[in-house]
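Student: First the structure, which I've put down as structure tokens, then a few questions once you've had a look.
The values are calculated or read from the model by the stated rules, or taken from the named source; none is laboratory data. This is a predicted model, so every value here is computed, not measured. In this analysis, Cβ positions are derived from the backbone assuming ideal geometry, glycine residues included, and neighbour counts consider all displayed protein chains. Ligands, DNA and RNA are stripped out before the accessible areas are found, and what is left, the full protein with its side chains, is counted by its heavy atoms. Shrake-Rupley method; radii C 1.70, N 1.55, O 1.52, S 1.80 Å.
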Amino acid sequence: MPADVSPHPDTGAATSAGTPSSSAAPPGAAPHPPSAAGDTAPTETGGPRSATSRSHLVWLLVLALTGAAAAVILPGMLSDPAAVGPTAAGLALVPLFALTEVVVIHLPTQRNAYGHTLREVPAVVGLTFLAPQEYVLVYVVGTVSALFLVTRMRGVKLAFNSALFAFEAGLGAAVYHLVLAGGDPISPTGWLAALAAVVATDLISAAAITTAISVTEGVFDGDVLREALRSGLAAACINTCVALLVATLLIVRPTSLPLLAVVVVLLVLGYRVYITLARGHARTQLLYRFVDRTATAQALDDVIRVVLTEAADLMHAESAHLLETTDDPGRVRCHSIAAGGTEPITTLLTLPGHDDGGGGDGGVGIGGGTPWWHPALEGRPLLLAAGRQGGGDADQEPDEGRDDGRHDAPDDVPAPTSAVLPAHPRDAVAAPLRAARGVRAALVVCDRSFDQETFGRDDVQVFATLASHAAVAIERADTVHRLEQMVEQRAHDALHDPLSGLPNRRAFNEAVARAMADVGRVRAQDSGAPARGVVLLLDLDDFKDVNDTLGHSAGDRLITESGERLRHEAAGMVARLGGDEFAVLLPGMTLAEGLRHAQHLHAALSAPVPLDDVDLIVSSSIGVAEFSSAASTAEELLAQADVAMYTAKAARSGVAVYRPEEGDSTARRLALAADLPQALAVGDIRLWYQPQADPRTGTIAGFEALMRWHHPVFGMVPPPEIVAVAHRTGRVRSLTDDLIRQALSARHAWAEAGHPLAVSVNVTPADIADPMLVSRVRLELARSATPAEALVLEVTESDAMKDPERSLEVLTALSALGVTLSVDDFGTGYSSLAYLDRLPVKEVKVDQSFIIRMQEGTTDPTVLRATIGLAHDLGLRVVAEGVESESARVLVRDLGVDLYQGFGLARPMTAPDVLGWLERY
């Protein structure tokens, strides 16, 4: 028998009590229902041709249902045409059938909506009191008129429902009278007949609707049939029992019908309450699921995907969108996903008035005025109900004279073709995502998947709650994402040179070590295999002259250009080791191949480099060293390449290959480079201390720390050579830190013994260009409990004047810390006095060559006296070095120096000897 039917908005399918009525477009397709026959709106699975072919299939289904209905109905009508004529009972049931078609309780889900009506009541009454022919006519006229006049259904929708209603009515009548077999309609046999008719028609209705939805959407939806069997049959049986009560009362006691009407009204209200509670419970469960899934997602892309898919699911929307503001106020980034989709689509939207005419980065232009969703990005929630021509804030009422926003969209509304944010959605809800930085994003859902209802105020409240959770999840994921980026950037920075972007010394050493290990594994398997691999060490000749004449910005550009040329031309890894030194790793090459490649790189680097208005030609020196048993570590291999590079530089040959037999000086430089790390580790590089005193009173003011390295093979290594080796091997920082630590430890011991004297330590140009020197000095001062003013850091005059601008920041920070800064070997460049008032130095040390020449009478003391006077005028303390006799002491005293040091006062001594010397002095 016919059951309660509600219109299916996509196909026109009718649904029985509790059976689904899907209004969703195919997954990932348009949120609006397709129009009547002939609609060619493309869907996800095809273009206009695909949509048209599906419409044709629906029409074929209509014809099949019409044929089936005719086969069931026509024999009875042709055998007794008079029975079709309307009776008073039939005319009374027509509006009842129409009413049950209008009063439908819908329970929407994501892809379907389940309709619950009481159509069984007029249906069972009609089967009881009407002839089968009249029953079919009354059933079809009542339901179809409601669809046509009230719900305004047209086209394929109306045709499908009409055919299905006719088939249901004919089949229900046939089953009912077949089971009843002329018996009493209010007897148990009549009950069984009514129930059989209901079950039969419900099954046929569910099968037809499932077929129609599958044809329309291009995919079989088993939920339709399962829900019809699960809850639809149960609801239909309950309604049938009510209908049998009505029929029984009409026959036995018609005056009791008002009592039953009260029960029916209460039943309808109960349905509505149940559905409201069920919907609230379902939303709560979906909200819990939303919170859980967004909490488990970690990556920002995963969080955005989960937020969008869960928002579309919870709000029963055809599409969900996340709008993010960008640094460009005219651009909005939009992440969109269609219901049932798996991955968001990201587009860049260009707001009206910001169109770059196609010359930008491919943003999608938005025509017209301000987009309807823009208030959400300004912090206001938004409700756009169906039938409204524009959006408004959530608290706004529909405009006067407009409908209530609760009807179907017209059939001629074209279906959008993707999940991209629609410019004119049927209905929508938008909510701002508030974060610590304010509103930077908005969440939007468009087009209710069930077009029998639209978004309302309750949806806005639920959606605002969802948006709050989404904001927290996205901000958390964004924070994690930015932290990961920061970690990745720091890891990258730790292994790359900031100026050229090339790998640095650490990264290069690690790569060389890996390459040498690979060669070692190959040779372990085949002892006859050659150790193929070459390292090149490159140095730009006369780079210092470029800095001095054209400035450091020109030097930086030369470094950058040289790095780019090497990156482009080299057949292996290129790294910048520091300063003007580069290195290239060529694994797998023989020495001869590496030599040819080095010559190619030398030619590439010799090409002119345009710097401002100058085409600069800078040559280079390249050292070539091959993997061999003579070098077991990356540092040793680099040291060999360094020896070869200096050979090329000395011979001005451009390229040179490392030869072990090149001479003692080469072997010494290589050995010192190899032994320096161990010497620093075990403390073989020690400090000796030479006192400084007032030439007038003899009062001891402090000690200068002098570096000593007694090598087991080469004996005492001069300090300049130690610094040079440390520079070539990248250990200047380690060397300086060790020396400062030793000096402050010794000074702490003197202070504990009652001699709170100053201690001077020499630093290199690399140190005063390193901003980390300040924090390292601060750490050592704190560790040794030494006041900052007790530490004097010395830098030579030539080093201080090389780059006063770059050194100024570090020197100023050291001075602010309280450390005394001193310029060593002062006097060799008189013009550099002009820079002293710009540098935060407090002391200058007169080079000992001046003292020696004055004692020998080969120079006029006037120049030195004027220099000392000028230094005093600048507020600087003057220290004389190399005072080796009493006459020299008197000379520097008369010149006006403040302190002196030299063999005339005392020779350098070890730290343990200092306290004894002070006691004797």
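Student: Mind checking which of GLY754, GLY730, ALA743 is farthest towards the positive end of segment 716-758's charge dipole, using Cβ charges of +1 (Lys, Arg) and -1 (Asp, Glu) about the Cα centre?
Tutor: Of the options given, the answer is GLY730.
Student: Starting from the amide H of HIS496, placed 1.01 Å from N in the peptide plane, find each other amide H under 5 Å away whose residue is 5 or more places distant or on another chain.
Tutor: Amide H neighbours of HIS496: ASN504.
Student: For SER449, what residues show an amide H to amide H distance below 5 Å, using hydrogens built from the backbone and excluding near sequence neighbours?
Tutor: Under 5 Å from the amide H of SER449: ALA317, GLU318.
Student: Tally Lys/Arg at +1 and Asp/Glu at -1 over every other residue whose Cβ is under 14 Å from the Cβ of LEU918; what's the total?
Tutor: -1
Student: Going by accessible area, probe 1.4 Å, with all protein chains left in place, what is the ranking of HIS177, HIS424, HIS374, largest first?
Tutor: HIS424, HIS177, HIS374
Student: Further, regarding this structure: Quick one: 3J(HN,Hα) in Hz for segment 668-683, Karplus 6.51/-1.76/1.60 with θ = phi - 60°, rounded, Gly and Pro as x.
Tutor: So the J values, rounded to whole Hz, are 5, 4, 5, 5, 5, 4, 6, 8, 4, x, 5, 5, 5, 5, 9, x.
Student: Can you run phi through the Karplus equation (6.51, -1.76, 1.60; θ = phi - 60°) for segment 129-136 and list ³J(HN,Hα) in whole Hz, with x for Gly and Pro?
Tutor: So the Karplus estimates, Gly and Pro as x, are 10, 10, 5, x, 5, 5, 4, 4 Hz.
Student: Another one. Would you mind checking which residues have amide H under 5 Å from SER885's amide H? H placed 1.01 Å from N; only 5 or more apart, or other chain.
Tutor: GLY904
Student: Sticking with this one: From the Cα gyration tensor of segment 708-821, with a ≥ b ≥ c the square roots of its eigenvalues, which class applies: rounded if a/c is under 1.5, or else prolate if a/b is larger than b/c, or else oblate?
Tutor: Note, shape of segment 708-821 comes out oblate.
Student: Mind listing the phi-derived Karplus ³J(HN,Hα) values for segment 867-881, rounded to whole Hz, using 6.51, -1.76 and 1.60 with θ = phi - 60°, and x for any glycine or proline?
Tutor: 5, 5, x, 5, 4, 5, 4, 8, x, 9, 7, 10, 10, 9, 9
Student: Per residue, how large is the accessible surface of segment 675-920? Use a 1.4 angstrom probe and give square angstrom.
Tutor: Averaged over the residues of segment 675-920, the accessible area is 44 Å².
Student: To continue, here is another question. Could you tell me which of rounded, prolate or oblate describes segment 675-920, using a ≥ b ≥ c as the square roots of the eigenvalues of the alpha-carbon gyration tensor, with rounded for a/c under 1.5 and, failing that, prolate when a/b is larger than b/c and oblate otherwise?
Tutor: Here segment 675-920 falls in the rounded category.
Student: Here's something else I'd like to know. Heavy atoms only, probe 1.4 Å: what % of the accessible area of segment 675-920 goes to carbon and sulfur, would you let me know? Before the final figure, lay out the partial values.
Tutor: Details: 5840 of 10750 Å².
C and S fraction of accessible area: 54 percent.
Student: Using a 1.4 Å probe on the protein heavy atoms only, what accessible surface does VAL102 show? Give it in Å² to the nearest 10.
Tutor: About 70 Å², rounded to the nearest 10.
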